[in-house]
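The values are calculated or read from the model by the stated rules, or taken from the named source; none is laboratory data. All values derive from a computational prediction rather than experimental measurement. Note: ideal-geometry Cβ built from the backbone for every residue, glycine included; neighbour counts use all protein chains shown. These area figures cover heavy atoms from the full protein model, side chains too; ligands, DNA and RNA do not enter into them. Shrake-Rupley method; radii C 1.70, N 1.55, O 1.52, S 1.80 Å.
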Amino acid sequence: IEGQVADLTERIKGDAGGGAAWRDCHIYADITGGPRYVNMMMTAVLQFLQYDGMQVEKMLYADFRTLSRENRVFDVGAAGDAYKLVAGADAFVTLGSSRSIEEYFAYDAQTGTAGKAIGSELRGVLAAMHAFSDAIQICQTANIPRALSALSTALEQFLDLSEEERMVDDRMFMQLIDTITEGYGTLLTEEAEESDRYPAIIRSCMEKGLLQ
C-alpha cells in the first residue's frame, strides 16, 4: 500500500507541474468504487498533496441508494480533515502549539471568530489555547501560570456542556479532550500561590524538550 500511495502522489505532483505550481492546483477526488482500501489510500495521498500546498476542494462519494433512498453525491472531505484535528491535538500536547487546531476550526484569535460552527465555550478554549501557545513559545514565563489557569477554566466550561448543547464540531473536539487534559495533567491544577506552579511547569517543559 505504501508504494502505491507514493506512486500516485508522485504522479499527481508530476502532472501538476513543478513545486511553484502546486499552490495553484485544486483537487476534486472521487473515491467511489474500487477495492475497499482505496478510500484510505486516497486519504493518505491527499494529505501528502495538501502538505505540498495543493488545495483539496472536494472528496466525493457517489451513493447509489445505499445511505439514503435517493442517488446522491456526498462531500466526505471532513473525514480527511479529522486527521488534521488529531495532529493538532498532538502538537498542542507535545509542543504547546495551537496552530493546527486553530487552522482546523478556521479560528481567528484576533477576532475570536471561527469558520466552523462551534459554540462559545469551544471558542473560549481555542482562545485560551492560543494564549498559552504564545506564552510557551516566546518564553513569556510570567504569563504561563495565568494562561494555564485560563485554559483550565475554559476546559471546565466546555466539559460542563450537555451533549444536546454541543454542535457537531464541538463533539469532534470532545474526542480529544482526554488526551489534552491528560497531557497537561497537574499543570491544570490550581495552586494557592502562582509561584507554586513553576516546578511542575519546568518539569513538563524538560520532559517535552522545551528547554528555552
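Show me, for segment 116-126, the HN-Hα J-couplings you get by feeding each phi into the Karplus relation (A = 6.51, B = -1.76, C = 1.60, θ = phi - 60°), rounded to Hz, glycine and proline as x.
So the J values, rounded to whole Hz, are 8, 7, 10, x, 5, 5, 5, 4, x, 4, 4.
How do 129, 167, 174 rank by accessible surface area computed with a 1.4 Å probe, from largest to smallest?
Output order, biggest surface exposure first: 167, 174, 129.
Sorted by mean Cβ packing within 10 Å, highest first, what order do the peptides 21-30, 92-101 take?
Ranking the peptides 21-30, 92-101 by packing returns 92-101, 21-30.
Which option, (1) 20.5, 63; (2) 20.9, 70; (3) 22.5, 82, is the value of Rg and Dmax of the Cα atoms in Å that was calculated from these coordinates?
(1)
If DNA, RNA and ligands are ignored and the probe is 1.4 Å, what is the ranking of 133, 162 by accessible area, most exposed first? Numbers along the way, then the final one.
On the way: 133 10, 162 40 Å².
So the residues, ranked largest to smallest area, are 162, 133.
Can you grab the distance from the C-alpha centre of segment 1-43 to the C-alpha centre of segment 90-112, Å, no decimals?
Centre-to-centre (Cα) distance: 27 Å.
For a Förster distance of 30 Å, can you work out the FRET efficiency between the beta-carbons of residue 117 and residue 142, rounded to the nearest 0.05? Please list the in-between numbers first.
Numbers: r = 36 Å, r/R0 = 1.20.
E(calc), rounded to 0.05, equals 0.25.
Could you derive backbone 3J(HN,Hα) for segment 169-186 from the dihedral phi with the Karplus parameters 6.51, -1.76 and 1.60 (θ = phi - 60°), listing whole Hz in sequence and x where the residue is Gly or Pro?
Those phi angles translate into 6, 4, 5, 4, 5, 4, 5, 9, 4, 5, 4, 5, 5, 5, x, 9, x, 5 Hz.
Once phi is turned into ³J(HN,Hα) by the Karplus curve 6.51 cos²θ - 1.76 cosθ + 1.60 with θ = phi - 60°, what whole-Hz value does each residue of segment 86-97 show in order, with x for glycine and proline?
Couplings: 5, 4, x, 5, 5, 5, 6, 6, 8, 10, x, 9 Hz.
Roughly how big is segment 43-191's charge dipole about its Cα centre, with Cβ charges of +1 (Lys, Arg) and -1 (Asp, Glu), in debye to the nearest 20?
440
Would you mind checking which residues have amide H under 5 Å from residue 63's amide H? H placed 1.01 Å from N; only 5 or more apart, or other chain.
Under 5 Å from the amide H of residue 63: 72, 73, 74.
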